[in-house]
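Trainee: I'd like to ask some things about the structure below.
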Amino acid sequence: MTPRWWLLLERAQATLPLLAAAGLAGFTWWLVQSSPKEGEVKPPALMASTPDFELHKARVARFNAQGRIEAVLDGETMRHYPDTDRLQIDQLTLSARDDKGMGLRATSRQGEADHKAEVVTLSGGAHVTALPAALPGEAGEPGKGLRASPTHFTGEGLRIDTRTRVVTSADPVLLQQQGSQVRAQSMRYDDSTGITELGGRVRGHYEVPAR
């Protein structure tokens, strides 16, 4: 090996410790910058936003312990999102009825529900009709054996608990029943008692049914 190569080799050996120290310093700086600071909250990982399945002209039904249907939920399209275990529904139709014949029928352009159809949220042209049971008495007797007038609720956002058949809205809603029309900023209707609670500014007219 020529003296020139020996000189280059000696210079290279002399610079190796310096290069190693520089590399170690760079790695240490990266490690410090990558470590979370004290009190710093690490941002959560993004949740999945892609449905794991999609059904067309689908139906979800819920039964009670005796095997009677309590609620039936239909949709033109249903998409299930695993991160929330919720269903998103297009062209929603809902029917819920108790063993006495009282029930609710609902429609909306979109909706959301859990996989058991226990709590259903309607959005976009939401409409709910409360169907009361027949009044006591014989069907042929005047004023008895007939159904009271159904009550209609219309709004952009309605929420139905099909277990208790309670309808609520935190958005403006229109109530209609046998010629009566009442608008309110919020509403709670209990189908088991037939009582409607209206909140916020309430306006409209109410006609007392003739006896």
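The values are calculated or read from the model by the stated rules, or taken from the named source; none is laboratory data. Treat the numbers as computed from the prediction; the structure is a model and nothing was measured. No Cβ is skipped: glycine too gets one built from the backbone with ideal geometry, and neighbour counts run over all protein chains shown. To get the accessible areas, we keep the full protein, side chains included, count just its heavy atoms, and leave off ligands, DNA and RNA. Shrake-Rupley method; radii C 1.70, N 1.55, O 1.52, S 1.80 Å.
Trainee: Work through the residues other than residue 70 whose Cβ is under 13 Å from its Cβ and net out their charges, Lys, Arg +1 and Asp, Glu -1.
Mentor: Working: positive: 62, 68, 97, 100, 116, 163, 165; negative: 98, 99, 118, 161, 191.
It works out to a net charge of +2.
Trainee: Which order do 102, 187 take by accessible area at a 1.4 Å probe, largest first? Walk me through the numbers before you get to the answer.
Mentor: Details: 102 35, 187 10 Å².
Per-residue accessible area, sorted high to low, gives 102, 187.
Trainee: Quote to one decimal, in nm, the extra length available between residue 69 and residue 193 on full extension: 0.36 nm per residue of separation minus the C-alpha distance between them. Don't skip to the answer; put the middle values down first.
Mentor: Values: separation 124, 0.36 × 124 = 44.64 nm, distance 2.08 nm.
The span from residue 69 to residue 193 would gain 42.6 nm if fully extended.
Trainee: Post the alpha-carbon centroid distance, region 62-99 to region 109-131, in whole angstrom.
Mentor: Computed from Cα coordinates, the inter-centre distance equals 9 Å.
Trainee: In nm, to one decimal, how far is the modelled label at residue 56 from the one at residue 201, with both set 7 Å along Cα→Cβ?
Mentor: Computed distance between label sites residue 56 and residue 201 equals 4.5 nm.
Trainee: Under a Cβ-Cβ cut-off of 12 Å, what is the net charge of the residues other than residue 169 that fall near it, where Lys and Arg count +1 and Asp and Glu count -1? Kindly include the intermediate steps, with their values, before the conclusion.
Mentor: Values: positive: 159, 183, 188; negative: 156, 171, 197.
Surrounding charge for residue 169 is 0.
Trainee: Could you compute how much accessible surface residue 161 exposes when probed at 1.4 Å, giving the result in Å² to the nearest 10?
Mentor: 20
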